[in-house]
Amino acid sequence: MRIDELKQEIIEYSKEIGIDKIGFASADVFSELRERLRRQQELNYQSGFEKGSIEERTEPTLLLPEAQSIISIAIAYPSRIKNQIRGTREERRGIFARASWGVDYHVVLRDRLEKLVEFIQEKVPEANTKVMVDTGELSDRAVAERAGIGFSGKNTSIITKEFGSFVYLGEVITNLPFIPDEPVTDSCGDCTICMDACPTGALIQGGQLNAQRCIAFLTQTKDFLPEPFRDKIGNRIYGCDTCQQVCPWNKGVDFHIHPELEPDPEIAKPKLKPMLRISNREFKEKFGHLSGAWRGKKPLQRNALLALAHYKDKTAVEEITIVMKEDPRPVIRGTAAWSLGKIATREAHEAIREAMQTEKDEQVLYEMEKGLEFELRA
């Protein structure tokens, strides 16, 4: 079979199995990305979640020695919840980022990519492939940009003409010599709306992100959240969508194509207080299918405490006090104390003073002292 005919058959088959966009790229070295990654490393802008060395992340032949092409795919996900729910003063709610609505996208994309690989190997048994979704060494965005899926925006997202930036990306490296597609020529132009809107100034310049300041990254860390960012987190439980929400390319974009990616409102916007003492079993049953659950419940519980502090939720004082006194994890006890301090009722501050009498952990005691520095509100 001619390679151009095979390419067309792959494109047609991709539509049948629920792939919204597909593109083909060469497996040449990503030279520009390599320099950018080196610069990121020098400036300590990396998140620490990156896999592999800079060479492995930019040289496809280190991952598949006979690599000649990369097939890039995109799947669109919703930007709005159909049956919207809102929190109340008695039952405040948090929010998961849109990329964590529905079934874990790693599972969804891997399913599509493996079906694609099976199709290719039926046609060409000698084809060699390597599938990657997000956690692989290659940059999904760099591959998608080269393959013509979309252009790389100043918010570091791939922006497609059809679906804006609300797409998941994955790729297959292969030894088949597909003719590459042309990269998209659109760009952000002079627009800096996303950079101006970023709550923490994490978008340093067009297309460069300081992950150490990015709320999406910070919500996934397991230690105490650095104090300058605690007021910035708002009610975010996992991730951050601000730079996508404000993007003009995303105006009016909302696709509900894949049922498994549809958000359950009660999970996408969970009540905060029940999260504080949720058991491991309950957590797994309710949130285990989300991509946002990959770090476990600790970061999400810490973020829920900060969200309750953001709301200055007086109704949560009793529940947070129990967490501060009884939770075995210092990060959770300390964050609970700081949150009580920020809620700043007399009852909350009294609870901190009482807990200080028996607390032994120095970091927790420090957070308790910081909590008591907030001026009483009532």
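The values are calculated or read from the model by the stated rules, or taken from the named source; none is laboratory data. It should be emphasised that the depicted structure is a prediction, and the values quoted were computed from it without experimental measurement. Cβ atoms come from the backbone with ideal geometry, glycine included; neighbour counts cover every protein chain shown.
Kindly indicate the residue of the range 81-118 that is of a type in the set (V, I, T) and under 28 Å from A304 (Cβ atoms) and also surrounded by the fewest Cβ atoms within 10 Å (Cβ to Cβ) among those meeting that condition.
T88
Quick one: would you say I257 is at pLDDT 95 or above, assigned to a helix (DSSP H, G or I), surrounded by fewer than 18 Cβ atoms within 10 Å (Cβ to Cβ) and among the β-branched types (V, I, T)?
no
How about the range 176-219: which of its residues are within 18 Å of Q46 (Cα to Cα) and in a loop (DSSP other than H, G, I, E, B)?
C198, T200, G201, A202, G206, G207, N210, C214, T219, listed by residue number.
What residue, of I10, I73, is in a strand (DSSP E or B), more than 21 Å from Q212 (Cα to Cα), in contact (Cβ under 8 Å) with a residue 40 or more places away in the chain and of a type in the set (A, V, I, L, M, F, W, C)?
I73
Could you please give the count of residues in the range 347-372 that are under 25 Å from K232 (Cα atoms) and basic (K, R)?
Residues that pass the stated criteria total 1.
Using the structure shown, decide if L33 is assigned to a helix (DSSP H, G or I), modelled with pLDDT of 95 or more and of a type in the set (A, V, I, L, M).
no
Give me the pairs: first residue in the range 229-240 and within 15 Å of C198 (Cα to Cα), second residue charged (D, E, K, R) and modelled with pLDDT of 95 or more, beta-carbon distance under 6 Å, and six or more apart or on different chains, which are they?
none
Surrounded by fewer than 20 Cβ atoms within 10 Å (Cβ to Cβ), farther than 20 Å from G87 by Cα and under 18 Å from the mean Cα position of the chain (by Cα): is that true of Q244 in this structure?
Values: surrounded by fewer than 20 Cβ atoms within 10 Å (Cβ to Cβ): no; farther than 20 Å from G87 by Cα: yes; under 18 Å from the mean Cα position of the chain (by Cα): yes.
Here the answer is no, as Q244 does not meet what is asked.
Would you please list the contacts, defined by Cβ atoms under 7 Å and residues six or more apart or on different chains, that run from a residue in the range 118-134 that is within 23 Å of I75 (Cβ to Cβ) and in the same structural domain as E59 (by TED's automatic domain parsing) to a residue that is assigned to a helix (DSSP H, G or I) and basic (K, R)?
As it stands, the answer is V131/R110; V133/R110, since those pairs meet every condition given.
In the range 234-247, which residues are part of a helix (DSSP H, G or I) and either touching a helix residue (DSSP H, G or I) at 6+ places or on another chain (Cβ under 7 Å) or at positive phi (or both)? I'd like the intermediate steps shown before the answer.
To start, the set of residues in the range 234-247 that are part of a helix (DSSP H, G or I) comprises 242-245.
Scanning the range 234-247 gives T242, C243, Q244.
Taking the conditions exactly as written (at pLDDT 95 or above, within 19 Å of G170 (Cα to Cα) and assigned to a loop (DSSP other than H, G, I, E, B)), does P65 satisfy them or not?
The answer is no for P65.
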